[in-house]
1. Return a yes/no flag: does region 46-57 have any residue that is open to solvent by 10 Å² or more (accessible area, probe 1.4 Å) and of a type in the set (S, T, N, Q).
2. Can you name every residue in region 269-325 that is outside any helix (DSSP H, G or I) and among the basic types (Lys, Arg)?
3. Within region 391-424, restricting attention to residues that are of a type outside the set (D, E, K, R) and touching an Asp or Glu at 6+ places or on another chain (Cβ under 9 Å), which residue is farthest from VAL42 (Cα to Cα)?
4. Identify, from the list ASP115, ASP194, the residue that is within 15 Å of the ligand (Cβ to nearest atom), within 19 Å of PHE285 (Cβ to Cβ) and open to solvent by 40 Å² or more (accessible area, probe 1.4 Å).
5. Which helices (runs of 4 or more DSSP H) does region 408-450 wholly contain that include 3 or more residues that are more than 16 Å from the ligand (Cβ to nearest atom) and aliphatic (A, V, I, L, M)?
6. Specify the residue that is farthest from the ligand (Cβ to nearest atom); the eligible residues are those in region 197-212 that are open to solvent by less than 50 Å² (accessible area, probe 1.4 Å) and outside any strand (DSSP E or B).
7. Every residue in region 336-394 that is in contact with a Ser or Thr (Cβ under 6 Å, 6 or more places away or on another chain) and open to solvent by 40 Å² or more (accessible area, probe 1.4 Å), please.
Amino acid sequence: MFDKILIANRGEIALRVLRACKELGIATVAVHSTADEDAMHVRLADESVCIGPPPAKDSYLNIPALLAACEITGADAVHPGYGFLSENARFAEILAEHNVHFIGPRPEHIRLMGDKIAAKRAAARLGIPTVPGSAGGIGSDEEARRLAGDIGFPVMVKAAAGGGGRGMKVIRTAADLPSALAAARAEAKAGFGDDTLYLEKYLERPRHIEIQVLGDGKGRAIHLGERDCSLQRRHQKVWEEGPSPALNAPARDAIGDTVARAMREIKYLGVGTVEFLYDDGAFHFIEMNTRIQVEHPVTEMITDIDLVLEQIRLAADNDLQLAQDGVKFHGHAIECRINAENAVSFRPSPGKIIHYHPPGGLGVRVDSAVYHGYAIPPFYDSLVGKLIVHGKTRGECLMRLRRALDEFVIDGVETNLPLFRALAQEKDIIDGDYHIHWLEEFLGRGALQP
Ligand code: ADP
């Protein structure tokens, strides 16, 4: 096992990792930018190192500074959390060159899944169904027009290096192709430094369902069921739940087994999520994330498995102690991503929290790093924390969620709590009857008033 883990992240996920380290008896090193001196993960860690000024590129993405922090503190492993360097294969290699463990998959798998075209090809080869689309990157507009004709409109153009819901455009007719391609190319180049694009059939009303996996890197792998992340805004998840209201046990077992088999075949190491669009009873692979995800607590609540702790164990010992038939699903969990933003305009609302009262009680979990008097800096994402609620049934879970949302007080900044309060009362949500465009349609109707 590791002696000391450096947590190369901030906010709630830094605290989440720190908690797992504490339970395992591993010493922790927090790193922080000058904007995060007062952050809770810095206060609670055994040691902390300032790694640079506020912009992420100068601090949380600053590899030389992180290496120096490992060196100074003697950390023998780095947990990257999510975002920042968590899917940077080169970072994992550089750490290895300096005899520091990267808590994540092998660089080859990060690289494979980081290229979404290569990932789709690999998925198809491994027997995982994919969204129909171009076999590779697209060249000229003329070629794109031909491919789109073959696939059938509407199509979606996506960036091979994409992430975070950026670089995607829906194209409904051939006439819209040139301008959409030019816009997507520019966005991909600016956002990811790579303007390779590919085309996919645009699915009109699918659900986003993803499968959580764990692998030991030696050919053992299991799945921990699914999360339904269909409630999205601008392709970004807002509300996640498990199990999916759309799946039954045989469907879950079938897709879970397909994914676990694929992970065994590639000898995947660590935690990962294989993402699908689920349409008309069929699964279509879109991508794989080779890291812990924001919504991992949903799975933890319905399996009682601590994913971050397992992730650390797997990185240290390459030993998967869990067996597939030992994974038991119980009850239902819902996660709400609480952001400091205006609930109607979605404008970020950084600033000082003057009153903070998180909800509690049976089945209620809040993963957050904020506190009374904490000033949310304007430099990073607006996630304040996650409210995760568990119940024996989906109905009980919703009941508890409404109660917990009523109790939650965050004053001093605007938050999207009003959005969740409204969602938890909506008939379609209560019925579990929604798809990936449902939330934008709901917002478009002006259902939430300023
Ligand atoms: P990113 O890596 O940027 O998150 P993904 O490929 O995971 O991108 O897609 C994010 C979201 O975009 C999906 O959850 C879904 O809502 C939407 N999306 C992606 N591909 C398609 C598609 N072919 N048809 C319809 N929606 C899609």
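The values are calculated or read from the model by the stated rules, or taken from the named source; none is laboratory data. The structure presented is a predicted model; accordingly, all values stated were derived computationally and were not measured. Don't worry about glycine lacking a Cβ; one is built from the backbone with ideal geometry, like all the others, and counts go over all protein chains shown. Each accessible area value is taken on the protein alone, full model and side chains, heavy atoms only, with ligands, DNA and RNA left out. Shrake-Rupley method; radii C 1.70, N 1.55, O 1.52, S 1.80 Å.
1. Yes - at least one qualifying residue is present in region 46-57.
2. If we filter region 269-325 for residues that are outside any helix (DSSP H, G or I), which is where we start, we get 269-295, 304-306, 318-323.
The answer is ARG291, and nothing else.
3. Here is the first cut: in region 391-424, the residues of a type outside the set (D, E, K, R) are 391, 393, 395, 397-399, 401, 404-405, 408-410, 412-413, 415-420, 422-424.
Restricting the remaining residues to those that are touching an Asp or Glu at 6+ places or on another chain (Cβ under 9 Å) gives 397, 413, 415-416.
Working: CYS397: 33, VAL413: 22, THR415: 24, ASN416: 26 Å.
That would be CYS397.
4. Details: ASP194 fails: within 19 Å of PHE285 (Cβ to Cβ).
Unique residue meeting the criteria: ASP115.
5. On the way: elements: 417-423, 427-431, 438-444.
Hits in region 408-450: 417-423.
6. First, the residues of region 197-212 that are open to solvent by less than 50 Å² (accessible area, probe 1.4 Å): 197-200, 202-203, 206-212.
Adding the requirement that they be outside any strand (DSSP E or B) leaves 202-203, 206.
Working: TYR202: 4, LEU203: 4, PRO206: 6 Å.
By that ranking, first place goes to PRO206.
7. Within region 336-394, PRO348 is the sole residue that qualifies.
Residue by residue, here is whether (1) touching a residue at least 60 places away in the same chain (Cβ under 8 Å); (2) within 16 Å of the ligand (Cβ to nearest atom); (3) touching a Gly at 6+ places or on another chain (Cβ under 9 Å) holds:
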| site | (1), (2), (3) |
| --- | --- |
| ASP58 | no, no, yes |
| GLY74 | yes, no, no |
| LEU95 | no, no, no |
| HIS98 | no, no, no |
| GLU108 | no, no, no |
